[in-house]
1. In whole Hz and in residue order, list the ³J(HN,Hα) couplings for segment 59-68 that follow from phi through the Karplus curve 6.51 cos²θ - 1.76 cosθ + 1.60, θ = phi - 60°; x for Gly and Pro.
2. What order do you get for Y492, Y304, Y275 when you list them from fewest to most C-beta neighbours inside 10 Å?
3. Would you pull out the residues with amide H under 5 Å of L58's amide H, same chain only if 5 or more places away, H placed 1.01 Å from N?
4. Please arrange E473, E319 by how many other C-beta atoms lie within 10 Å of their C-beta, fewest to most.
5. Suppose each label sits 7 Å from its Cα in the direction of the beta carbon; what would the V197-E326 distance come out to in nanometres?
6. I'd like the Karplus ³J(HN,Hα) series for segment 379-396: coefficients 6.51, -1.76, 1.60, θ = phi - 60°, whole numbers in Hz, and an x wherever there's a Gly or Pro.
7. Spin-label point model (7 Å from Cα, Cβ direction): what's the E292 to V54 distance in nm?
8. List M79, M484 from most exposed to least, where exposure is judged by having the fewest other Cβ atoms within 10 Å.
Amino acid sequence: MKKFSLLLLSAAIGSALTIGSFLLLPGNERTFKIEHVTDTPVIGANYTVTKDGVLTPLQFTDVSKKVMDAVVHIKSTRMQNMQQSKEIPSPFRDFFEDDRLKDFFGPYFHFNPGEQENTPWARIGSGSGVIINSDGYIVTNNHMVEGADDIEVSLHDNRVYKAKVIGTDPTTDLALIQIKEKNLVYIPFVDSDKIEVGEWVLAVGNPFNLNSTVTAGIVSAKGRNINILQGSNAIESFIQTDAAINPGNSGGALVDLRGGLVGINTAIASPTGAYSGYGFAIPSNIVSKVVEDLMSFGFVQRGYLGIVIRNVDGNLAKEKDLDLSEGVYVDSLPSNSAAADAGIKKGDVIVKVDNAGVKTTAELLETVGRHRPGDKLNLHINRNGKVKNFTVTLRNAKGEANLSKKETDQVLVRLGIELEELSAKEAKKLDVPGGLRVRKINSGLIQRQTSLKEGFIILQVDGKSIRSINEFENYLNRKGGGIMLSGIYENYPGRYYYAFGLE
């Protein structure tokens, strides 16, 4: 019996593949001939050359196998009450049942625990994390673990562990947690400054609870500021990628083709809440610095120039009569400014930091954010068309060129509030001896546990009059457990009370 075959030449893989042929003639049987390709020559056949001249295979199987064991699934659980009073969290209810406490907190204080339903329910979130050393240290996003009562980590091989929080940094949305295990596979850091737009990267994580998902794309931009982090000290200088990132990828890895950690996936830009072409990752150089600080100090040592800045663009250049169209414009210099003391003036344009060009405020914030108080930076300043160099010694948030102390710098970050002291004129107008105005509320204990609003004026803490920020910080650092704030709003009558727990 005569057989006919259809031979197709595949240009893509360079091999012949018979996909099935048959000939049906009167009186003849139908015959099939099927061949299976057992080798795919394309793997390893295509290469890309890095800017260092290193020949790298343009295929993703090896790097995927290399990194998947180091990316974990994280489940965080937050316990809440269905109708829990925000002013009085449940741990304080027994404490406030005694009517004698009205003498302590004032005649307007009222709380009736019978008015509340104490129905607990669990709010569960899921995301990803990256093992960064063999002793079980894992980097993830702060928003993944913030306020969690329980953190569960699942490895790629389905082993499950409870995790503890080592430290967090809301200003970069990073957190460091640890599980009790040794000899784990981990992903090493690479220098994110050397990553260029157009380079291939892989995003590894657990989108929609689909464990160990790998997507590929390129770096589509660097130094992106998308204004998603709260707080005046937030640092946003994201790596943008078109590798598919979805809910659940938060805290996962963005890696290069050699399996090095380029960044921690954090956000997406999407009108629907799902992938629409753009994902954003925190650069590994920022991650590395934050991790080092959390390990060494328990919190992040942030260095400050002491300037208010704006991006230079064509419109600003025309408005300020500048002879350049990119850089970072110094809009103002607050009191006790490190930059002002070094000789920098309002109207200067920062064009380089330590010989590295800076074109945007995001790039400048990223560079400064990698340094600690006391570090020196060499700033190249364009002033009236001439470039001058200035050496600035960075300071901490209090304007000191020393490493910060945890007890004085971290309590307000934990609370998530920014305070300002009432002036004598303001205190007289309000007919109070003094107090602290809540200027801004960020993510923290106050936001999670109370309904306190911006503009609230703190007059007393646990019945003790408070007039200065230092006095407020020192008291909270000495006092643990439950805290009661009492005070007023400028335009509302009566006294207000807010309770929260420090633990």
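1. For segment 59-68, the Karplus curve yields 8, 10, 5, 5, 5, 5, 4, 5, 9, 4 Hz.
2. By the 10 Å Cβ count, ascending: Y492, Y275, Y304.
3. Excluding prolines and chain starts, which carry no amide H, the hits are N46, Y47, T48.
4. Least to most surrounded, the residues fall as E319, E473.
5. Between V197 and E326, the label points sit 0.8 nm apart.
6. In residue order, the calculated couplings are 9, 9, 10, 8, 10, 6, x, 10, 8, 10, 10, 9, 9, 10, 8, 5, 10, 8 Hz.
7. A separation of 2.1 nm, rounded to one decimal place.
8. If I rank by nearby Cβ atoms, fewest first, I get M79, M484.
FYI, it's all coordinate maths here, none of it is from the lab. Bear in mind the structure is a predicted one, so any value in this text is a computation, not a measurement. Glycine also receives a Cβ, built like all others from the backbone with ideal geometry; neighbour counts cover every protein chain displayed.
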